[in-house]
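This report concerns only the one structure given below.
The values are calculated or read from the model by the stated rules, or taken from the named source; none is laboratory data. Note that the coordinates shown come from a computational prediction; the quantities given were computed from them, not determined experimentally. All Cβ positions, even for glycine, are placed from backbone atoms using ideal geometry, and neighbour counts span all protein chains on display.
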Amino acid sequence: MRLVSLNVARPAEIPWQGRMIRTGIFKAPVEGPRRVSRLRIEGDLHGDLSVHGGLDKAVYGYPREHYAFWRAELGAADDFPFGQFGENLTTEGLLERDACLGDVYRIGGALLQISEPRQPCYKLAYRMGRPGFDARFLASGKLGYYFRVLEEGVLQAGDEIVRVEPDPQRVSMLELASLLYLGGGDKDLLERALAIDSLSPKLRSRLARLER
């Protein structure tokens, strides 16, 4: 597993339904090392802190493998540039079926922990230039994953991604996304998810509501 591209952006103003909104979704690759702190990667800022960023969504990763799928699915004439889906980290070899909630990874000098799957919003549709793409993205299950930062450090494109501590419950991002967004999963999966020590309070509350 490796980090293929490191992508950052500063918030941009875009028109949406008669008003201007701020978004940091226009990520672009950067060369060389960048420091990752508890809240963000150096040079990257979130546009709307009410729904993005924070300790549990400090860094967003998306598999390179999905780029070919979306290029074919959308009939795109050219390859999308890395960062197209708003990800900070374009990864290789780490898919949602293998990335489990609570897994800890060493990337360069930073220690990151898988914290939750992405729930896309209309800003992704704007970036893609396709109304309703956020729903299509969600239905695909190819959502990527957020990380929290356990140890700050420096990382860069080309760094190896090493799983240093797998979570014992083995609830994958694919399974968790199915529970949260697609109405899938079963009671055993839900119980295993709720047993994960690193589960954020917000995610625990959402899962607990499914248990009722």
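For segment 61-73, give me each residue that is among the basic types (Lys, Arg) and touching a residue at least 24 places away in the same chain (Cβ under 8 Å).
Arg64
Limited to segment 160-211, what total is found for residues that are of a type in the set (Asp, Glu) and either assigned to a strand (DSSP E or B) or under 23 Å from Lys142 (Cβ atoms) (or both)?
Kept after step one, since they are of a type in the set (Asp, Glu), are these residues of segment 160-211: 160, 165, 167, 175, 186, 188, 191, 197, 211.
Among the residues that remain, those that are also either assigned to a strand (DSSP E or B) or under 23 Å from Lys142 (Cβ atoms) (or both) are: 160, 165, 167, 175, 186.
Looking only at that region, the number is 5.
Report, ordered by the first and then the second residue, all pairs with beta carbons closer than 7 Å, sequence separation of six or more or different chains, a first member in segment 165-192 that is over 13 Å from Gln119 (Cβ atoms), and a second member that is outside any loop (DSSP other than H, G, I, E, B) and among the basic types (Lys, Arg).
Going by the 7 Å Cβ cut-off, the qualifying pairs are Gln169/Arg192; Val171/Arg192.
Quick one: which residue in Gly183, Gly158 is under 30 Å from Arg35 (Cα atoms) and small (Gly, Ala, Ser)?
The conditions single out Gly158.
When you scan segment 189-203, do you find a residue that is charged (D, E, K, R) and under 18 Å from the mean Cα position of the chain (by Cα), even just one?
Yes, because at least one residue in segment 189-203 is charged (D, E, K, R) and under 18 Å from the mean Cα position of the chain (by Cα).
Quick check, is Glu65 among the acidic types (Asp, Glu) and at pLDDT 95 or above?
yes
Would you mind stating whether Val104 is over 13 Å from the mean Cα position of the chain (by Cα) and surrounded by 19 or more Cβ atoms within 10 Å (Cβ to Cβ)? Break it down into steps so the answer makes sense when it comes.
Details: over 13 Å from the mean Cα position of the chain (by Cα): yes; surrounded by 19 or more Cβ atoms within 10 Å (Cβ to Cβ): yes.
Here the answer is yes, as Val104 does meet what is asked.
What number of residues within segment 148-162 are buried (at least 16 other Cβ atoms within 10 Å of the Cβ), farther than 18 Å from Glu31 by Cα and not hydrophobic (A, V, I, L, M, F, W, C)?
So the answer is 1.
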